[in-house]
Amino acid sequence: MSSFMLHHIEKAGQETAVCEMIRVLKPGGKLIIVEITYTKQTVESLQGCGLTAVEFVPLSLPFYKQVVAVK
């Protein structure tokens, strides 16, 4: 799980960080990312790293967004 971390990384490093998270997941593993911003970019990064099972999952908290991806 990544919570409120990606927005601290420069844009160029965000995709690298996301791809590394995916690399260490075991097959069938689930990556959950909770962020305030950049969720569209996060989904694009996940898809760019080869994941197709990527979705937004609503949270009951205002302003927070959750992206779930399965390897």
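The values are calculated or read from the model by the stated rules, or taken from the named source; none is laboratory data. Keep in mind it's a predicted model, so treat the numbers as computed, not measured. With ideal geometry, Cβ positions are generated from the backbone for all residues, glycine too; neighbour counts draw on all protein chains shown.
Values for this structure:
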| item | result |
| --- | --- |
| Residues (under 23 Å from residue 61 (Cα atoms), under 9 Å from the mean Cα position of the chain (by Cα) and assigned to a helix (DSSP H, G or I)) located in the stretch 1-23 | 6 |
| Matching residues, the stretch 48-67, being surrounded by fewer than 16 Cβ atoms within 10 Å (Cβ to Cβ) and under 17 Å from residue 3 (Cβ atoms) | 56, 57, 58, 59, 60, 61, 62, 63, 64 |
| Residue among 25, 6, 61, 51 that alone is of a type in the set (A, V, I, L, M, F, W, C) and touching a Ser or Thr at 6+ places or on another chain (Cβ under 8 Å) | 6 |
| The stretch 48-69 - residue that is aromatic (Phe, Trp, Tyr) and more than 10 Å from the chain's Cα centre (by Cα) and, of those, modelled with the lowest pLDDT | 63 |
| Filter result for residue 50 (of a type in the set (Gly, Ala, Ser), in contact (Cβ under 8 Å) with a residue 40 or more places away in the chain, within 14 Å of residue 71 (Cα to Cα) and not in a strand (DSSP E or B)) | no |
| Residue selected from the stretch 6-23 under the condition in contact with a helix residue (DSSP H, G or I) (Cβ under 6 Å, 6 or more places away or on another chain) and within 13 Å of residue 50 (Cβ to Cβ), by the criterion modelled with the highest pLDDT | 18 |
| Residue in the stretch 24-47 that is modelled with the lowest pLDDT, counting only those that are charged (D, E, K, R) and not in a helix (DSSP H, G or I) | 35 |
| Those residues of the stretch 1-47 which are surrounded by fewer than 15 Cβ atoms within 10 Å (Cβ to Cβ) and in contact with a His (Cβ under 7 Å, 6 or more places away or on another chain), in sequence order | 36, 37 |
| Given (1) closer than 12 Å to residue 69 by Cβ; (2) under 9 Å from the mean Cα position of the chain (by Cα), number of the condition residue 35 does not satisfy | (1) |
